[in-house]
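Below is one structure, written out as structure tokens; the observations come after it.
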């Protein structure tokens, strides 16, 4: 079995906001609180941190001492003009992540339902079970955003009891 670290599991639910994060950093917004304000969220910088870390995970920005700068891949993303180009580029970067590479192989091999997929992520998530449910929803949302998960699939229950 492959083991993953909690920081390999994104906490930022919307890929479009990850893109907005890269744009915000390109405009000089570099701290978590500045990023959060730019992407129109309000959680005392918590969501800004989640989106910053997601942009870092995908290689779009780099951060040192809570000061972010756009990386080469981030500039490439910002140059893309159409939604289709951006989605293809996002999927390419997502596929490069060890966790997503593993999950996409699992999807291809086992063709799981949404519930089976959620349960699998909860099983491999190294943190708390309830947190695993949230990470599963985030991951599935990312895959749906880039058309790597069927949009016709029913909503993913938040927890086992849902």
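What follows draws every value from the coordinates through simple rules; no lab data is involved. These figures come from a predicted structure and were not determined experimentally. No Cβ is skipped: glycine too gets one built from the backbone with ideal geometry, and neighbour counts run over all protein chains shown.
Brief remarks follow.
- Its residues counted as N, region 85-142 yields a C-alpha radius of gyration over 2.2 N^0.38 Å of 1.14.
- With the helix formula -39500 (n - 2.57) applied to DSSP H stretches of n ≥ 4, the chain reaches a computed 222 nm mean residue ellipticity of -17500 deg cm²/dmol.
- Evaluated at q = 0.12 Å⁻¹: base-10 log I(q)/I(0), Debye formula over Cα of the chain: -0.52
- The chain: angle of helix 114-124 to the longest principal axis, Cα-based, in degrees nearest 10: 80 degrees
- Residues residue 27 and residue 113, FRET efficiency given R0 of 35 Å [Cβ-Cβ distance, rounded to 0.05]: 0.25
- Applying D = kT/(6 pi eta Rh) to region 25-72, where Rh is the Kirkwood radius over alpha-carbon pairs, T corresponds to 25 °C and eta to 0.890 mPa s, the Stokes-Einstein value obtained is 240 µm²/s.
- Equivalent-ellipsoid semi-axes of region 50-135, from the Cα gyration tensor, Å, largest first: 27, 18, 10
- Counted residue by residue at 0.36 nm each, then reduced by the alpha carbon distance between them, the extension gain from residue 75 to residue 123 reaches 13.7 nm.
- Nearest 10 degrees, 0 to 90: helix 98-110 Cα axis against the chain principal axis: 30 degrees
- For the chain, built as a Gaussian network whose Cα springs stay under 10 Å, the top-fluctuating residue of 118, 134, 83: 83
- Extension gain, residue 147 to residue 62: 0.36 nm times the residue separation minus the Cα-Cα distance gives 27.9 nm.
- Taking 119, 42 and counting other C-beta atoms within 10 Å, the order from fewest to most: 42, 119
- Computed from Cα atoms, the angle from the helix 15-26 axis to the main principal axis of the chain rounds to 20 degrees.
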